[in-house]
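Notes follow once the structure below has been shown.
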Amino acid sequence: MWISTAYAQGAGIFDQNALVQFLPLILIFVVFYFLLIRPQQRKAKDQKAMLDALRRGDRVVTGGGIIGTVARVDNPEEVIVDIADNVRVRVMRSTITSVLAKPDPAAAREAAKPKPETRAKVGTKE
């Protein structure tokens with residue numbers, strides 16, 4: 001007899017051998033969830049909360065690396081940012097990557113008040 005005899009094995013749906021085969025895949029998914037998916041969801045949630053809390057006077061960094069101060073929040077998608085003296089740019093709110101500093105509300109009100117002119121006029125005696 002050159003051919004060996006083959007014996008039939010029981011084919012159960014919940015065979016322990018099948019569970020042992022799927023256990024590494026389940027463990028890999030659990031590790032991916034806790035090390036990759038969950039922290040990414042938390043980061044996205046924090047980014048959305050930061051963008052929703054943008055106010056006038058916040059010092060921000062855009063995605064292009066431009067640092068500026070929020071001058072005005074136009075609508076839910078756009079923000080006007082001062083990047084230099086008399087230079088304002090309109091940026092998409094989603095391109096703001098971080099907020100560097102949030103001003104004190106009392107200090108922001110003082111900064112918004114018009115400053116009195118202290119320069120003397122030329123040619124007049126005072």
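The values are calculated or read from the model by the stated rules, or taken from the named source; none is laboratory data. Model, not experiment: these values are computed from the prediction. For neighbour counting, all protein chains shown are included, and Cβ atoms are generated from backbone atoms with ideal geometry for every residue, glycine included.
Tell me which of these residue 53 doesn't satisfy, since it passes every other one: (1) under 12 Å from residue 97 (Cα atoms); (2) at pLDDT below 95; (3) aliphatic (A, V, I, L, M).
So the condition that residue 53 fails would be (1).
Scan region 34-82 for residues that are polar (S, T, N, Q) and part of a helix (DSSP H, G or I) and jot them down.
40, 41, 47
Please state which one of 28, 37, 83 is surrounded by 10 or more Cβ atoms within 10 Å (Cβ to Cβ) and assigned by TED's automatic domain parsing to the domain that holds residue 100.
Answer to the check: 83.
One residue is enough: does region 46-62 have a residue meeting the conditions under 30 Å from residue 87 (Cβ atoms), in contact with a strand residue (DSSP E or B) (Cβ under 7 Å, 6 or more places away or on another chain) and among the small types (Gly, Ala, Ser)?
For region 46-62, residues under 30 Å from residue 87 (Cβ atoms), in contact with a strand residue (DSSP E or B) (Cβ under 7 Å, 6 or more places away or on another chain) and among the small types (Gly, Ala, Ser): present.
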